[in-house]
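Take a look at the structure below.
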Amino acid sequence: MALTGKQKAALLLTSLDPATAAELLKGVDARIVQELAVELSYLDAAGQRNARQTTEVARQFCSSLQNESSFQFKNFLHEMLKNTVGDEKARQIQSGIQELLQKRDPFMAIRSADSQTLATVLETEHPQAVAVVLSEVSPKKSSEVLGLLGEGVRVSAISRMTAIGGVTPEAKARIAQMVRTRLETFGAAQKTGTAVQVHPDQSLRKVAIIVRNLDKEVRDGVLQAIVQKDREAGRKVTDLMVIWEDVPQVGDRSLQQALRGIDERQLAAALHEADPEVVRKVRSNISERAAAMVDEETSLMSAPKKEDIRAARDKIVSSLRDLNHKGELTFEEE
């Protein structure tokens, strides 16, 4: 994640004890203090404050860093604000932080809910609301929740996710507020994540990843339901379940199986100017002899045509899709 200047400043504060952080902020305008407090809360709630980032920021600006395992963010924030602007002003700032965070990302609290609780809440919601929520949480959690929903809600929701791009931000915010209210009754709103507005094609890709993560029997039923409602959307979702960019995440055995029918000339073309992660993954799953032959083909090859590169990559992806259709494709990271 690329950090903004304020986020770096906020992370730097977390590497200091509250008293030192308060000393640094003496004389700073209260509005700036509030903005830094919001960034601290946002990074922590979104799960984007980690030891590596904090250490790197601290390395740049400070010579020491407190032990991350002993750090208590809420206590730090409270003490920092109290020591900087006083107890009364600190309470005023903290009371506004949650509201500011929810305006930034209405779905933050929803992402922290465990899958079972979220499924329980969504089971009685309109399928459109379910689709919106599932499009805003991670693909892994979406798959988990879908697996816990009743078949009727599941099929209706996944079908609507193919057209989620037409839902306005205002409508999403209202849905988020409704679901947050229900989740609060379960006591499930804790840490949260970052919302991303997606293009319709990106939305279909996310649907595809969610469907890909389902058990084969459930997945096939969902795909069939999508095809029955919208054949073109069903075709796109099926294709987007596995694309060229997924190669680095494919399990080694699956990739080895898919590459068996690809000759060295095709491999050389497919890897021409490919992403280094893809090249590394492919080369680590072929024999030394095959790798040497690919190198030889590459040295003999003039600049390949774009259509030849695309055809070679399509053949690999096609093999992976065949494995996925059979339920034999595995991924190292979902």
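Consider residue 275 carefully, then state whether it is out of contact with any Leu (no Cβ under 9 Å at 6 or more places or on another chain) and either aliphatic (A, V, I, L, M) or in the same structural domain as residue 144 (by TED's automatic domain parsing) (or both).
Working: out of contact with any Leu (no Cβ under 9 Å at 6 or more places or on another chain): yes; either aliphatic (A, V, I, L, M) or in the same structural domain as residue 144 (by TED's automatic domain parsing) (or both): no.
Here the answer is no, as residue 275 does not meet what is asked.
Could you list, in sequence order, all residues of region 241-256 that are within 11 Å of residue 330 (Cβ to Cβ) and of a type in the set (A, V, I, L, M, F, W, C)? Step through it out loud before you land on a result.
As a first pass, look at region 241-256 and keep what is within 11 Å of residue 330 (Cβ to Cβ): 249-255.
Passing the criteria: 250, 255.
Candidates 274, 269, 258: the one that is of a type outside the set (S, T, N, Q), more than 23 Å from residue 204 (Cα to Cα) and without any contact (Cβ under 8 Å) to a residue 40 or more places away in the chain is 274.
In region 300-334, the qualifying residues are those that are among the polar types (S, T, N, Q) and over 14 Å from residue 270 (Cα atoms), and the one that is farthest from the chain's Cα centre (by Cα) is 324. The criterion of at least 2 residues that are surrounded by fewer than 17 Cβ atoms within 10 Å (Cβ to Cβ) and either touching a His at 6+ places or on another chain (Cβ under 6 Å) or modelled with pLDDT of 90 or more (or both) is met, among helices (runs of 4 or more DSSP H) falling completely within region 192-282, by 252-259. Beta carbons closer than 9 Å, at least 6 apart along the sequence or on distinct chains, pair a first residue in region 314-334 that is at pLDDT 90 or above with a second that is among the aromatic types (Phe, Trp, Tyr) for 314/244; 316/244; 317/244. When the test is whether a residue is outside the structural domain of residue 158 (by TED's automatic domain parsing), in a helix (DSSP H, G or I) and touching a Ser or Thr at 6+ places or on another chain (Cβ under 6 Å), residue 291 does not pass it. Take the conditions (1) surrounded by fewer than 17 Cβ atoms within 10 Å (Cβ to Cβ); (2) within 30 Å of residue 152 (Cβ to Cβ); residue 301 misses just one of them, which is (2). Only one of the listed residues (142, 135, 159) is of a type in the set (Gly, Ala, Ser), in a helix (DSSP H, G or I), at pLDDT below 85 and in the same structural domain as residue 229 (by TED's automatic domain parsing). That residue is 159.
The values are calculated or read from the model by the stated rules, or taken from the named source; none is laboratory data. All of these numbers come straight from a predicted model, not from anything done at the bench. Every residue, glycine as well, gets a Cβ built from its backbone with ideal geometry; the counts of neighbours run over all protein chains shown.
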